[in-house]
1. Name the pairs whose Cβ atoms lie under 6 Å apart, with the first residue in region 426-449 and closer than 15 Å to Ile366 by Cα, the second surrounded by fewer than 17 Cβ atoms within 10 Å (Cβ to Cβ) and of a type outside the set (Val, Ile, Thr), and 6 or more positions between them or separate chains?
2. Among the residues of region 452-510, write down those that are aromatic (Phe, Trp, Tyr) and surrounded by fewer than 24 Cβ atoms within 10 Å (Cβ to Cβ).
3. Quick check on Gly467: is it within 26 Å of Met526 (Cα to Cα) and either assigned by TED's automatic domain parsing to the domain that holds Val380 or assigned to a helix (DSSP H, G or I) (or both)?
4. Could you list, in sequence order, all residues of region 335-373 that are surrounded by 17 or more Cβ atoms within 10 Å (Cβ to Cβ) and out of contact with any Leu (no Cβ under 6 Å at 6 or more places or on another chain)?
5. Residue under question is Ile514, and the condition is that it be closer than 20 Å to Arg385 by Cα and surrounded by 24 or more Cβ atoms within 10 Å (Cβ to Cβ); does it hold?
6. Could you list all residues from region 414-439 that are crowded, with 16+ Cβ neighbours inside 10 Å, hydrophobic (A, V, I, L, M, F, W, C) and in a helix (DSSP H, G or I)?
7. Quickly run through region 68-113 and pick out the residues that are polar (S, T, N, Q) and either part of a loop (DSSP other than H, G, I, E, B) or at pLDDT 80 or above (or both).
Amino acid sequence: MTAPNANISAPPDAGEASLPQWEWLDDVLARLSELGLTTRVYAPDGRLVQSGPLAGPFSRMVWQKCGSGCSAADHVRTLGAESSKVVSCLPGCSCVLVPIQRRRRRIGVAVASFVGRDLPDGEELARFCQARKLDRTLLLRAAAQEARFDSAQAPVVQQLVRQTVEQAYDHSVCLNELGELSVNLTNTYEELNLVYRIAAGTTVTDKPDDFLRTMGADLLEVMAVQSLAIRYFRPDQPLISEHISLGDELTSPSAEQLMWDELLSRFEARPEPIVDNTPSADDGQLRSLAHHSKVRRLAAVPMVRNGKLIGAIVAMNKAAGDFDSTDVKLMKSIADEEAVFLENSYLYEDVQQLLMGMLRALTSSIDAKDPYTCGHSERVAMIARKIAEAVGLDEYAAGRVYLAGLLHDIGKIGVPEAVLTKPGRLTKPEFATMKKHPEIGAKILAGIKQVQDLVAGVYCHHERIDGRGYPQGLAGTNIPLFGRIIGLADCFDAMTSNRTYRRALPLEVTLTEIRRFAGTQFDPAMVEAFLKLDPGELLRQTRSAESNDPLNAVIRQTGSMLSGEAGPLAGSAA
């Protein structure tokens, strides 16, 4: 029986121990104790890691009295390359040493002691009891009660201990790996889900700032970082950039600008991710952050599209340790998604500007046929968008109303110039010709798929709520919403503009007419929303760019919106 180690009651030093986890030993040592084995586990250097329960009365008597003698730790240290070992310090008592291996590396040794059923009652036992002041009779009785094996069965005991320890250790390793796998799968799922949400929710009509801010907030949460910053710009306008900051503010504006200058310069030269887990140290990768103690860890990735740098993402201070390759891969995936979005957004913006330029050129050419209606289409479009916003339409729908207002008179391209520019009132035949322009405009736009939702506004902007309008004589809500909005905007601009047959009406007279014809010519809901906009200010805004417009003097004299009694019949812009 081996003497106890002096440190048997001391807890293991987890910082120095070779075994990765101690909890799994508790159950193993308890089971071995039930089989009559007192088991301890040592590190390869002989350091006691954990002690199991004493197997029975014999072990308790011996261990309580033994303060010296042979040490199991000595046998552990001298085990060498042997796969196992059996030692005996007293006839009938044995210690089996079983190495615990992990991938060919010894990480510990299990030492199981037991008393045999064949413990001889001889002179050596008598000397052993006398040296330790033990009652030999009581010791023999305790041995008979505790013993489960014969001393010759030490190899069998050794195999039993080996299998029990190895199975328990393998099970523990599997549980650890399963836990790590579960955590990794959870993290991977969150990362993939983030990438999927970004890809699925991306539309070129989104504003870059809104899209990137939403994406950044998700990335901030998934990566569990303290701060996240994004900078982006058009490749053809690198000096005009936009910036988004999320999370805590870790740097001053000046330090952050220096960081961005350094990062973007490096990415321009070499678009490779940068990971610096000691950025404030003297040997940190970024000079701009040297001695900046609040930034403890940093990871940055460039946004590149078609070989051109268009921005970057910077994450600072990961909550759970250092930034690693997994973090960089996630950030790179998001950066690639952002780069695609930004490229598409810029292309969409260019197409939109091209489209708007062509539409303005087209409407300007129509307005140019009559100097008195110069700028009319643009003004109607602006007023119509304001009304659309006032009645609760979202930004996209209000934008479509604007386009419909811009195109509302496109059909006048099919009206003879003599009719368009005729001074004075039109004859009935001439007015009948003029009344065809909504239908002509609708036919022109009917073949363009991208503007199908605008056709109703162009076709119906001369319909009246009382059904006396044209070209179809629709009434009430049967008139499309776009038509009701543009019809009001068209009449407001017509009444406040000089025409060949009359001068512009004063603002107070115009507003009186609009109030008077609410419910007959105009939709009352549209009128109510319009009047809440401050029409005087709206009139100033729509005319502000026309410095040579003779109506500017009239506008300045009119001032703000006034109330008035019934005046002349509301003008209807033909």
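The values are calculated or read from the model by the stated rules, or taken from the named source; none is laboratory data. Quick caveat, the model's predicted, so the values are computed rather than measured. Cβ: placed from backbone, ideal geometry, glycine included. Neighbour counts: every protein chain shown.
1. Once the first residue is closer than 15 Å to Ile366 by Cα and sits in region 426-449, its partners that are surrounded by fewer than 17 Cβ atoms within 10 Å (Cβ to Cβ) and of a type outside the set (Val, Ile, Thr) give Pro438/Pro471; Ile440/Gly414.
2. Tyr470, Tyr501, listed by residue number.
3. yes
4. Answer for region 335-373, where residues must be surrounded by 17 or more Cβ atoms within 10 Å (Cβ to Cβ) and out of contact with any Leu (no Cβ under 6 Å at 6 or more places or on another chain): Ala335, Glu337, Glu338, Ala339, Phe341, Leu342, Glu343, Ser345, Tyr346, Ile366, Asp367, Thr373.
5. Here the answer is no, as Ile514 does not meet what is asked.
6. Correct list: Val419, Leu420, Met434.
7. Hits for region 68-113 are Ser68, Thr78, Ser83, Ser84, Ser88, Ser94, Gln101, Ser113.
Listed here are the residues, each with its yes/no results for (1) out of contact with any Leu (no Cβ under 8 Å at 6 or more places or on another chain); (2) closer than 16 Å to Cys460 by Cα.
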residue: His408; (1), (2): yes, yes
residue: Gly411; (1), (2): yes, yes
residue: Val415; (1), (2): yes, no
residue: Val419; (1), (2): no, no
residue: Phe431; (1), (2): yes, no
residue: Gly447; (1), (2): yes, no
